[in-house]
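Below is one structure, written out as C-alpha cells; comments come after it.
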Amino acid sequence: MKKAPKIVLSIVVAMSVLMSGTVVQATGSTLDKLNKAKEEKNQTQSALNTKKNQIDDLQDTKEGLKGELNSFNSKLTQVSDNLEELETQIDEKNEEITETQAALDEAKKTEEHQYECMKKRIKFMYERGDTAYLEMMFSSASFGEFLNKTEYVNKVSEYDQRMLREYQETKELIAEKEADLQQEKVDLDDMKAQVEAKQKEVQALVAQTSSNIAGYSSQISAAEQEALLYEAKMAEQEANIAALKKQYEQELALSRLSAASAKRDISQVTFSETDRTMLATIIYCEAGGEPYAGKLAVGAVVVNRLLSSVYPDTITGVIYQRKQFSPVGSGRFDLALANGKATSSCYQAADEAMQGNTNVGNCVYFRTPIEGLTGISIGGHIFY
C-alpha cells in the first residue's frame, strides 16, 4: 500500500511540471545528448565558416575574372579598331594601286605612241637618207634661214630623245611605285591576318572568361544555398540545445527532489517473476558488457526509482517510463526480452537489487563519463 505523503508529493511534482508547460523526461543520457548536440553545432558552425570562406574566395576570384574580362574587352575593342583602320588603309592602298596602274597604262600608251612616231621618222630617214634634211636646209633662201632649219632639226631630234627618256623614266617610276604599293598591300594583308588572329584570340579569352565567371557564379550560388542550409541547421541545433539544457536542468531538479522525497522501504514491495525478468533484461541491455558491479548498479538505479515517490512504483512503469531508457525507445529491450537474452549474472544482479542491495546509494541516473559530471564511477558509467 502507498503512503499518503507519496501521493501528495507526486501531485505537487506533477502540478509544478504542468505549470512549467514542459514534460520532464528524466533520462540519464540527456547530458550526453546535450554535449553531442553542442558538438554537432560546433561542427555545423565550422562547416558554415568554411563555406563562407569558400564563398569569399569564389567572390574574389569572380571579381578578379571580371577585371580580366574588362581588360580583355578593352583589348578586343582596340584590336577591332586596329582591324577597322587596317581595312581602311587596305582599301585606300587598293585605290592607289588602281590609280597607279591606270597611270602606268596611260604612260605605256604614250610611250607606244611616241615609239611609233619615232619609228616613222627613223623609217622616213632610212628611206630618204639624209637628202631630205639636206634638201630642207639647202633650200634655205639665206644663211640665217639655214641656221634656223638646222636648229629646228636638232631640236626635233633632242625633243624626241628627251620625251623618250621622260616616258621611260615615268614608266620606271610608275612601275616602282606599283611594286611598292603591291608590297605595302602584302604587308597590310599580313598585318590584317595577324590582327584577325589576335582578335580571335581575345574573343576566345573573353568567351572563356565569361564562361568561368558564369561557372563561379553557379558555384557561389550553390555555396550560398549550402550556407543557408547550415544556418537553418544551426538554428535547429540551437533550439535543440536549448531544449536539452532545459531538460537536463529539470532532470537535476528531479534527482535532487528524489533524494529529498519520501521513499518506500524495500520490504513494502512485492516483486513478481515478470518483474525479475524485466529487471534482468534492462540490466543486460544497459550493462551487459560491464563487470558485475556495473550490472548491480543499473539494477539499483531502477529499484531506487521504484522506491522514490517521484517515479512510477512498478518495475514495468519505471522501465517503460517515456524516454527514460534508450534500449526501450529503440526496441532493443523488447527484442532481448522476447529472446531471453539476459544472462545469469544479470539475473543475479536483479535479485540482489530487488533485495535492497545497492552500490550506488540513492542514485537514480547513470550515463557514460563526461568532463564536469561528478558521481559514482563504476565500469563505463557514472551514477548520480
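Pairs over the 24 Å Cα-Cα cut-off, from the set Lys38/Lys263; Lys66/Lys233; Lys51/Lys233; Lys120/Lys155; Lys66/Lys200; Lys246/Lys323: Lys38/Lys263; Lys66/Lys233. Using alpha-carbon positions, what is the distance between the centroids of region 57-119 and region 324-366, in Å? Distance between centres, Cα-based: 98 Å. Cβ crowding within 10 Å ranks Val360, Val328 as Val328, Val360, fewest other Cβ atoms first. Rounded to whole numbers, the Karplus 3J(HN,Hα) couplings from phi for region 82-92 are 4, 5, 4, 5, 4, 4, 5, 4, 5, 4, 5 Hz, using 6.51 cos²θ - 1.76 cosθ + 1.60 with θ = phi - 60°, and x at Gly and Pro. Overall shape of region 266-383 was characterised from the C-alpha gyration tensor. The equivalent ellipsoid obtained from it has semi-axes of 19, 17, 14 Å, in decreasing order.
Computed from the coordinates by the stated procedures, all read-outs in this text should not be read as laboratory data. A quick note: this is a predicted structure, and the numbers were derived from the prediction, not measured. Please note: Cβ atoms are built from the backbone with ideal geometry, for glycine as well, and neighbour counts cover all protein chains shown.
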